[in-house]
Amino acid sequence: MIVALAGNQNCGKTALFNQLTGSNAHVGNFPGVTVESKMGEIKGLRDFTAVDLPGIYSLRPYTCEEIVTRDFIIREKPDAIINIIDGTNIERNLYLTLQLLELRVPTVMALNMMDEVRANGGSIDIEGLSEALGIPVVPIAAINGEGISELLDKVSHVARHKQLPEKYDFCGSDSPMHRCIHAVVHMIQDHADAAGLQARFSATKLIEGDSEFAEKLELDENEKELIEHCIVQMENESGLDRNAALADMRYAFIEQTVAECVVKCHESREHRRSQKIDRVLTGKYTAVPMFLLIIATVFVLTFSVIGGPLSDLLGVGIDALSARVETALEHYGMNPVVRSLIVDGVFSGVGSVLSFLPLIVVLFLCLSVLEDTGYMARVAFIMDRPLRKLGLSGRSFVPLLVGFGCTVPAVMSARTVSSDRDRKMTIMLTPFMSCPAKIPIYLAFTLAFMPKYSYLAIVGLYVFGIVIAVIMALVLKSTAFRGKPVPFVMELPNYRLPSLKSTGLLLWDKVSDFLKRAFTVILGATVIIWFLQSFDLRLNFVEDSSGSILALVGRYIAVVFKPLGFGDWRIVTSLISGFSAKEAVISTLEVLGGENFTALFTLRSAVSFLVFTLLYTPCVAAVAAIKREFNSVWATAGIVVLQCVIAWIMAFAVYSVGGLFL
Amino acid sequence: MKLDELKPGQSAKILTVGGSGALRCRLLDMGITPKTNVKLIKRAPMGDPIEILIRGYELTLRNEDASLITVELLPEAVG
């Protein structure tokens, strides 16, 4: 049996999901859906699977997340819904409940954060609430597991007995809205039955103006006109337009129910504490300095105090292991080709990617703590303004910033951007934030060609990347991501201590996901590059990579790079090998061009080359991460090609302009 | 007056909610409905967006969107 978990953002849904499933959850995609849902068997309840739906506030068809939730419940017909509610913020949370109840699926309400409600002198009449809503209500505290077993009893009961919510009519008797809804239900009842939809839910959707439902119900023009007439009459009588009238109806019912069943707590400790913290963290003069301080701490922890050294250590370890294995294989008399595959292909390829792992662990630990405490929402609040002109919101700021550390976790962290459109756009922009793996390239060239201004030139490259990202955002905004961005109307939740369990599970998710990719896509790609580097066209093993297929390809497509000033096959080959990891660009140049490889360049072509390496395709690990988030090979390939094209155009522009001066 | 014209600390009662499409629905869904009380808590450091208290929780929205909401100022210490 399937149990769907539905609720607002920040109501403790993930904590409850973790309580229900323990660590045996996995991520699954449902057909036709790009937003993924986590699934897991419920502990202590045989044959029950919990599905964690996206956190939403309403079932209107405006955001991807809302559509996913709605379609999941309508199409997959879960055996039960657990509607999780934040007891400290009950009014707004109940708004979604009323809409869920219209779907007529067995539902149990999990009233979360009851520990906080009680601690602050509040109380909720559970039976009264249950009666008012017509569904079982179970008080829980997801963070410490309180009330979970009772919740499971109720869930298995309603699912096994198909116990539908007793009420779904919240429109207040004899109000204009009441008359309108019931008239529409009456009109579409037969259509809804034929289409297998709930008449009441469909009626609400028609009043909201959801044209998809008008089609599903196969209404004819005459009927549509009659319905429109009903709605207009309701609008005239109530003095509110349809959308406001619906919201007003739901909130009126909620206000009444809350007045009857809830003794609101006095201002909670958590809230007071949040306001105090916010006085500093979002204060007029302190917000930006505190933000810089926090982010700087995260970067220092990740890239120099913990993650960086661990990465280096792991790198050294892998190198040592690789050397050991090489000698062992040599002693054993292993075929040199297989030896090269293991040492140059698998070890150097996967090894270089694996050494990212400590970085990712530390960075995600920091970011997930910032997210779970509620600070990320504040970052979005502080940083919204500068990103708005780009068609993004403050939510995208952190992933873009992380891009300067490494594109892989940046793409992965874009998951916190709640709207699908903004997330995809953010991911497309992150590769333009120059990552540290490119620094060796920048250093080698700037030191050779402009030793005095080396650092200035590198800063210039970073800025150039940002400028291109800005232009790209503006172009994307008016092309691929045209249309209204998702409104930036966002809750600022109370600061809460993150749960160790949730943080741990999230971290494990990211790590296992990364490892899986390292040993599949990335391993595959590095083996292919090794193969191209190690064999010639007659499939003979070459000692010197100048005779390899890769070099041949490099020679073949070198012509494309001639207008950029670096049509030499050795340079082109190094760019291709840079796909496995940017560090490989320099090592390949050294192998093919010798110690003094910068002699292959002039100042003009060196600048052009730097611009090209700044902008062209990110490394295979980043591409794999992008593919994971977009869930589409074609979209990912499109992004890679697009980046290469942009890189070519910009390098060409720089080279041409350079011709005027140099 | 408009919601974005409130000063930090001032409370008001919502009169009408303007806008259209996704934005308007989102505002209504989040509990910004006529006759509800709202308090402006603060502005972001760059002056935009704003943070409001509504129905017992904090919400942030952009000035541009807040200007679509008309409100009536409540006397101090109420709401």
Mind counting the residues in region A:257-269 that are surrounded by fewer than 18 Cβ atoms within 10 Å (Cβ to Cβ) and more than 10 Å from chain B (Cβ to nearest Cβ)? 5
Hey, any hits in region A:608-626 for a residue that's over 29 Å from A:Ser413 (Cβ atoms) and assigned to a helix (DSSP H, G or I)? yes
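Please return the ranges of strands (runs of 3 or more DSSP E) entirely within chain B where 1 or more residues are more than 7 Å from chain A (Cβ to nearest Cβ). Full working, then the answer.
Details: elements: B:11-17, B:37-43, B:50-54, B:57-61, B:69-73.
Fully inside chain B and qualifying: B:11-17, B:37-43, B:50-54, B:69-73.
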A:Arg242 vs (1) within 14 Å of chain B (Cβ to nearest Cβ); (2) modelled with pLDDT under 90: all pass except (2)
Name the single residue, out of those in region A:374-399 being among the hydroxyl-bearing types (Ser, Thr, Tyr) and farther than 19 Å from A:Pro289 by Cβ, that is modelled with the highest pLDDT. A:Ser396
Please tell me if A:Gly308 is within 12 Å of another protein chain (Cβ to nearest Cβ) and not acidic (Asp, Glu). no
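Being surrounded by fewer than 19 Cβ atoms within 10 Å (Cβ to Cβ) and not acidic (Asp, Glu) is the filter here, so list the residues in region B:55-74 that pass it.
We begin by selecting, within region B:55-74, every residue surrounded by fewer than 19 Cβ atoms within 10 Å (Cβ to Cβ); these are B:56, B:63-64, B:67, B:70, B:72-74.
Of everything in region B:55-74, those that are surrounded by fewer than 19 Cβ atoms within 10 Å (Cβ to Cβ) and not acidic (Asp, Glu) turn out to be B:Gly56, B:Asn63, B:Ser67, B:Thr70, B:Leu73, B:Leu74.
Residues are listed down the side, and each one gets a yes or a no for (1) of a type outside the set (S, T, N, Q); (2) surrounded by 24 or more Cβ atoms within 10 Å (Cβ to Cβ); (3) under 31 Å from the mean Cα position of the chain (by Cα):
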position	(1), (2), (3)
A:Ala110	yes, yes, yes
A:Glu116	yes, no, yes
A:Ala119	yes, no, no
A:Glu146	yes, no, yes
Here is a check on your reading of the model: is A:Pro436 within 20 Å of the chain's Cα centre (by Cα) and not polar (S, T, N, Q)? no
Scan (1) farther than 30 Å from A:Phe404 by Cβ; (2) in contact with a Pro (Cβ under 8 Å, 6 or more places away or on another chain); (3) not polar (S, T, N, Q) for the single condition A:Gly283 breaks and write down its number. (1)
I need the helices (runs of 4 or more DSSP H) fully contained in region A:346-414, keeping only those with at least 1 residues that are touching a helix residue (DSSP H, G or I) at 6+ places or on another chain (Cβ under 6 Å), within 14 Å of chain B (Cβ to nearest Cβ) and closer than 20 Å to B:Leu59 by Cβ. A:375-388, A:397-402
Search result, residues across region A:425-464 that are outside any helix (DSSP H, G or I), in contact (Cβ under 8 Å) with a residue 60 or more places away in the chain and not hydroxyl-bearing (Ser, Thr, Tyr): A:Cys435, A:Met450
May I ask you to list the residues in region A:489-508 that are within 10 Å of chain B (Cβ to nearest Cβ), among the aliphatic types (A, V, I, L, M) and under 22 Å from A:Glu116 (Cβ atoms)? A:Met490, A:Leu492
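I'd like the full set of residues that are more than 9 Å from chain B (Cβ to nearest Cβ) and under 18 Å from A:Pro485 (Cα atoms), limited to region A:49-58. Step through it out loud before you land on a result.
Taking region A:49-58 as the starting set, the residues that turn out to be more than 9 Å from chain B (Cβ to nearest Cβ) are A:49-56.
A:Ile56, the sole residue that qualifies.
Take region A:71-114 and flag every residue that is more than 14 Å from chain B (Cβ to nearest Cβ), in contact with a helix residue (DSSP H, G or I) (Cβ under 8 Å, 6 or more places away or on another chain) and either among the polar types (S, T, N, Q) or assigned to a helix (DSSP H, G or I) (or both). I'd like the intermediate steps shown before the answer.
So in region A:71-114, the residues more than 14 Å from chain B (Cβ to nearest Cβ) come out as A:71-84, A:101-112, A:114.
Those left that are additionally in contact with a helix residue (DSSP H, G or I) (Cβ under 8 Å, 6 or more places away or on another chain): A:73, A:78-84, A:101-112, A:114.
Listed by number, the residues that qualify are A:Ile73, A:Asn83, A:Leu101, A:Thr107, A:Asn112, A:Met114.
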With respect to the numbered conditions (1) more than 14 Å from chain B (Cβ to nearest Cβ); (2) assigned to a loop (DSSP other than H, G, I, E, B); (3) hydrophobic (A, V, I, L, M, F, W, C), which one is the sole condition not fulfilled by A:Val486? (1)
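For region B:41-61, what are the residues that are of a type in the set (D, E, K, R), in contact with a helix residue (DSSP H, G or I) (Cβ under 6 Å, 6 or more places away or on another chain) and closer than 22 Å to A:Val288 by Cβ? Outline the logic, then answer.
Taking region B:41-61 first, the residues of a type in the set (D, E, K, R) are B:42-43, B:48, B:51, B:55, B:58.
Subset that is in contact with a helix residue (DSSP H, G or I) (Cβ under 6 Å, 6 or more places away or on another chain): B:48, B:55.
Residue satisfying the conditions is B:Asp48 alone.
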Consider region A:547-579. How many of its residues are assigned to a loop (DSSP other than H, G, I, E, B) and farther than 16 Å from A:Phe535 by Cβ? 6
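The values are calculated or read from the model by the stated rules, or taken from the named source; none is laboratory data. This is a predicted model, so every value here is computed, not measured. Neighbour counts run over all protein chains shown; Cβ positions are idealised from the backbone, glycine included.
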